[in-house]
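For reference, the structure is listed below as structure tokens.
What follows draws every value from the coordinates through simple rules; no lab data is involved. Fair warning: this is a prediction, and the values are worked out from it, not measured in the lab. Ideal geometry is used to build each Cβ from the backbone, glycine not excepted, and the neighbour counts take in all protein chains shown.
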Amino acid sequence: MTDDSVIPLVQPGEFQDALTEVLRSGAQQLLRAAIESEVMSVLSLYSDLKLPDGRQRVVRHGHLPERQVQTGVGPVTVSKPRIRDRDENAEEKIHYHSNLLPNYLRRSTSLDELIPALYLRGVSTNDVQQALSALLGVDAPNLSPDVIRGLVKSWRSLWEEWKTRDLSARNYVYMWADGIYLKARGERESRCILVLIGATPEGKKELIGFDDGYREDTQSWRELLLALKARGLQIEPKLAVGDGALGFWAALREVFGTTKAQRCWVHKTMNVLSKMPKSLQAKAKKDLQDIWMAENRADAETAFDLFIEKFEVKYPKATQCLAKDRIELLAFYDFPAEHWGHIRTTNPIESTFATVRHRTRQTKNCLSRDTAMPMVFMLIKAAEKRWQKLRGKNQLPKIIQGVIFTNGIESDANQNHAA
């Protein structure tokens, strides 16, 4: 029997996939090439530095031992090059720190996002390794149950450290608020995660507040807002966007009294339509859209009055639900038109937590609340990197300076005031 006739059998728990192997090999080659390019850039940066005898001061110095990094296509073996500073008398030695391959890296960022996602879908600590074995290879190295438990502990530390960060240098022009309900193992009632997202003067959205609360009552929101203020957030946001949770608005008036309120049109639309028969909801939804999509406040007021007139007699609860927040629903007209798509709704929070809500439906049988909170936090921080920036960011400094906007356009009153 020749060697060519021997067919290796796949052992239980092992997987063979030619495509995955090609992808893994390609990823390994690309990573090596990228690291090599990075090293060459560092050497080029210091190419003018010479020793007294004319030799190069910064040179290559072999490689560190090989290590495996877990990636989305399985383990990739890499070896980080070393760079040596040969000037023994230099006050500050030159060191090479790779941005592509940080020291002690064992997993790619994508996997660090995947692990809490699996956990929230009901995959226990002991099952994570098995769940990823088909993708990462047998035993999924660096993902053992002890490693996962250590990660959960480190995530909680990161969350606790993040909650005490200094905010004295932060300024948020807009702020979105919402409460996300989470039911974990052993709890009869769902508790609420209080979430605040802010827009910086550069147009970037950031997670400001994330903490455990008791539903969305005033006391819980007050404690969160006061904690932010105590850590240095003294500049009050110009506008806060939220749903109908009365607790948040009451706490906002106490802590940030000058911040204007904008009610979320998505939530308000759902609330109004829920008080009307299904046969009319499509038509009523279009009428509501005519209000918040109007080009100016006058047209919006006209559409508002028309909706009340059409449905007030038969459906007073629906029209009362709409009318009671008239001022807060139309507040966005006093801000730049480029920002209307961002500030008319709490979508920055809703879209981020849509997947979290779906995943946490399965956590009640396998996940405690103490474990769920840091894992949800890690998912949100990972999503933060992909949040859409505000359009028209050049308008944000004007809002900070107090420039007046009418119907989304800078008012002529500003020029008169300047004169």
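Per residue, the Cα convex hull of region 174-400 amounts to 137 Å³.
Give me D87, D178 sorted ascending by neighbouring Cβ count inside 10 Å, so fewest comes first.
Details: D87 16, D178 24.
With the sparsest Cβ surroundings first, the list reads D87, D178.
Among residues other than L226 whose Cβ falls under 15 Å from its Cβ, what is the net charge (Lys/Arg +1, Asp/Glu -1)? Net of charged neighbours comes to 0.
Assuming R0 = 30 Å, what is the FRET efficiency of K314 and R391, from their Cβ-Cβ distance, to the nearest 0.05?
In this case the efficiency is close to 0.15.
For F335, the amide hydrogen comes within under 5 Å of the amide hydrogens of G408, counting only partners 5 or more places away or on other chains and with H modelled in the peptide plane. For C264, what charge total do you get from the other residues with a beta carbon under 9 Å from its beta carbon, if Lys and Arg give +1 and Asp and Glu give -1? Surrounding charge for C264 is 0.
Counting every other Cβ atom within 10 Å of each residue's Cβ, T345, T258 order from fewest to most as T258, T345. Could you name the lysines whose alpha carbon sits less than 21 Å from that of K93, not counting residues in the same chain fewer than 8 places away? Cα-Cα hits under 21 Å: K50, K80. Taking amide hydrogens as placed 1.01 Å from N in the peptide plane, the amide H of R82 sits under 5 Å from those of H61, G62, H63, L64, each at least 5 positions away in sequence or on another chain.
In plain terms, the residue of K381, K283, K93 with the fewest other Cβ atoms within 10 Å comes first and the most crowded comes last, giving K93, K283, K381.
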